[in-house]
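The block underneath contains the structure these notes are about, expressed in structure tokens.
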There are 2 protein chains.
Amino acid sequence: MVAGPTSIGPGKDRLRLWIRLLRASRTIEAELRERLKKEFDTTLPRFDVMAALYRVPEGMLMSDLSRFLLVSNGNVTGIVDRLVSEGLVTRSRRNGDRRTSMVRLTEEGTKSFAAIAAAHESWVGELLGNVSEDEARRLAGMLKSFRSNWEGRE
Amino acid sequence: MVAGPTSIGPGKDRLRLWIRLLRASRTIEAELRERLKKEFDTTLPRFDVMAALYRVPEGMLMSDLSRFLLVSNGNVTGIVDRLVSEGLVTRSRRNGDRRTSMVRLTEEGTKSFAAIAAAHESWVGELLGNVSEDEARRLAGMLKSFRSNWEGRE
DNA sequence: TTATGAAACTTTAAGCTTGAAATAATTTCC
DNA sequence: GGAAATTATTTCAAGCTTAAAGTTTCATAA
């Protein structure tokens with residue numbers, strides 16, 4: 001998935017683009033993962049969940065999280081389990097529908113996330129440093145169509 | 001990692017770019033993974049390893065694979081183990097340095113990969129269909145700097 | 001009402017992934 | 001030559017990930 005095109009032909013440019021896209025995201029992801037671990041003793045999936053919840057103080061359902069983060073249901077269960085056991089989020093099952101549970105950041109989780117997010121943003125700025133802000137805008141525009149249909153805002 | 005920016009500020013455009021990049025690659029990766037499973041009963045990591053080996057008939061060392069694919073050493077061990085047990089690759093330890101083993105595609109592995117790669121390339125073309133070939137070239141150019149330093153070719 | 005189906009979530013098994021520790025072989029340098 | 005450092009790889013524990021199967025709850029409608 002990270003190797004070069006195995007043939008030349010009509011789809012060549014798109015294939016090359018895909019490989020570059022993947023290499024770029026893997027490289028950046030690996031660096032962010034390592035720093036999250038070293039600096040904050042946390043992981044990327046935990047960060048993702050907390051980032052999603054941070055935007056929505058009223059909380060999210062498990063299935064919302066799963067859709068938003070583009071990962072499976074069962075996956076979210078495990079990550080939230082660990083976040084709960086660390087006191088960073090809560091599951092509350094006290095609404096009308098007893099199948100669902102609302103997941104929210106705790107106060108500690110909110111505080112903790114704010115600090116991590118600040119570092120995270122500056123890391124991304126650093127890692128994408130060789131992309132000018134202008135170029136970043138253009139690139140982001142081209143990638144817009146891949147934005148999940150689920151989320152209206154950003 | 002996939003949520004929107006949590007603040008506005010100087011790094012905003014780069015952060016947005018990173019989030020779009022990540023969403024795009026996760027979306028495409030998920031689709032490719034699913035098709036590889038359904039159509040060829042294989043996985044993305046196995047495909048990656050085979051793609052790397054396909055380009056190099058003389059084979060690669062475990063550590064070459066690890067560097068090239070941007071994954072850890074231990075990871076490659078497991079994937080290659082499974083490919084060996086499926087008869088798709090071989091490990092040969094018969095060169096001068098007895099610490100190393102040369103990993104190669106078997107004849108069956110080569111044949112198998114060629115078929116998968118053809119489908120893979122057309123899938124990528126389809127999934128990136130809304131990016132014109134011209135746009136693909138420009139985007140790929142912008143992402144060039146993330147190409148691993150290790151590989152000279154592509 | 002009560003069966004039938006759908007929805008939200010969890011569990012499970014298998015595989016992927018990492019970082020760190022362990023093993024084994026080679027190289028370096030005294 | 002032999003100790004010490006380096007290199008290549010594997011093993012391990014913990015966590016992430018998926019798809020599929022299972023559980024509980026809700027909604028629909030006969």
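The values are calculated or read from the model by the stated rules, or taken from the named source; none is laboratory data. Being a predicted model, the structure only gives us computed values, none of them experimental. In this analysis, Cβ positions are derived from the backbone assuming ideal geometry, glycine residues included, and neighbour counts consider all displayed protein chains.
Laid out as a table, the results:
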item	result
Matching residues in the stretch A:56-74 - criterion: being surrounded by 14 or more Cβ atoms within 10 Å (Cβ to Cβ) and either part of a loop (DSSP other than H, G, I, E, B) or within 11 Å of DNA strand C (Cβ to nearest atom) (or both)	A:56, A:59, A:60, A:61, A:62, A:64, A:65, A:66, A:67, A:70, A:71
Selection within the stretch A:24-55 - away from DNA strand C (no atom under 12 Å from the Cβ) and over 15 Å from the mean Cα position of the chain (by Cα)	A:24, A:39, A:40
Meets criteria (more than 9 Å from chain A (Cβ to nearest Cβ), touching a strand residue (DSSP E or B) at 6+ places or on another chain (Cβ under 9 Å) and of a type outside the set (A, V, I, L, M)) for residue B:58	yes
Residues (of a type in the set (A, V, I, L, M), free of Cβ contacts under 8 Å to residues at least 24 places away in the same chain and not in a loop (DSSP other than H, G, I, E, B)) located in the stretch B:116-141	B:118, B:136, B:139, B:140
Options B:119, B:52: the member that is out of contact with any strand residue (DSSP E or B) (no Cβ under 7 Å at 6 or more places or on another chain) and among the small types (Gly, Ala, Ser)	B:119
Filter result for residue A:86 (within 11 Å of DNA strand D (Cβ to nearest atom) and more than 14 Å from every other protein chain (Cβ to nearest Cβ))	yes
Flag if residue B:122 is within 12 Å of another protein chain (Cβ to nearest Cβ) and either among the polar types (S, T, N, Q) or surrounded by fewer than 16 Cβ atoms within 10 Å (Cβ to Cβ) (or both)	yes
Any hit, the stretch B:85-107, residues being part of a helix (DSSP H, G or I) and either within 11 Å of DNA strand C (Cβ to nearest atom) or modelled with pLDDT under 95 (or both)	yes
From B:13, B:97, B:48, B:81, residue being over 27 Å from residue B:123 (Cα atoms) and facing chain A (nearest Cβ under 7 Å)	B:13
Top-ranked residue of the stretch B:56-81 - restricted to ones that are in contact (Cβ under 8 Å) with a residue 40 or more places away in the chain and within 13 Å of the chain's Cα centre (by Cα), ranked as farthest from DNA strand D (Cβ to nearest atom)	B:70
